[in-house]
Amino acid sequence: NTTKIGTVGMDANIASGWKANISYRFAEMDAWWREGNANIRNAAGDYSFQEFTGIQTHRYNQVQGILIGKFDTGPLSHDVTFGASWQRLDQLNDRASGTFNLSGVSNIYHPTPIIGSFNDPYAHSLFKTLEITQTALFASDTVTLGRFSVLGGVRLNRFEHNNINSSGTVTATYATTPLTPTTA
């Protein structure tokens, strides 16, 4: 199993009391596994053992930009944040998934060693099975008067989830665009 993560970003002071940040992050996790199933064949305890090997990859990309500033309106001070973000998760599954290899037979009362026929999963090919994308706009303002402050904010989030079959056709989609307020 391997995991790769990379992040790059930039902060900039753009005016007195104002700063901006933009960042990009990439992550990828490649996983392979070897599993087995023992299937009892009769009351005497005979069983067959089948093994399964597979691979799977998850890729994650994210871009986010934020503008943070401070200003006063009379006796009120404001700490504001504005931003936008985009992120996507792709899941790639093993094209050979679901193939079991008979590794041997034994008995639960009189076991004999079963040597696996390890199938190298890295020789398998992958296809994209899942794509989840989120795009968001957000803003907040913390208004302070003396010792008291009130936070108000809103986030508009576009969420889309696509299931994809091995020939690349989208088989199911779910999408929603909630508007989420925040107060404190």
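Some points to look at:
- Dipole magnitude (debye, nearest 20) for segment 41-174, charges at Cβ of Lys, Arg, Asp, Glu: 220
- Only lysines eight or more places from K70 in sequence, or on another chain, were considered; those with a Cα closer than 21 Å are K19.
- Table column - 3J(HN,Hα) (Hz), segment 18-23, Karplus curve with 6.51, -1.76, 1.60, x for Gly and Pro: 10, 9, 10, 9, 9, 8
- Sulfur and carbon atoms: percent of accessible area, segment 122-174 [1.4 Å]: 61
- Counting only residues at least eight positions apart within a chain, or on another chain, there are no lysines with an alpha carbon under 17 Å from that of K128.
- Over the chain, Cα pairs under 8 Å with separation of 6+ residues give a relative contact order of 17 percent.
- Of the trypsin sites (Lys or Arg not before Pro) found in segment 3-45, the ones in coil according to DSSP and having at most 16 other Cβ atoms within 10 Å of their Cβ are R41.
- Probing with 1.4 Å while keeping every protein chain in the model, the per residue accessible area of the chain equals 63 Å².
- Of I66, I14, I55, the one that fluctuates the most in a GNM where the chain has Cα springs shorter than 10 Å: I14
- The convex hull of the Cα atoms of the chain, projected and averaged over all directions, covers 17.6 nm².
The values are calculated or read from the model by the stated rules, or taken from the named source; none is laboratory data. This is a predicted model, so every value here is computed, not measured. Please note: Cβ atoms are built from the backbone with ideal geometry, for glycine as well, and neighbour counts cover all protein chains shown. Note: accessible area is taken over every heavy atom of the protein model, side chains too, but ligands, DNA and RNA are not part of it. Shrake-Rupley method; radii C 1.70, N 1.55, O 1.52, S 1.80 Å.
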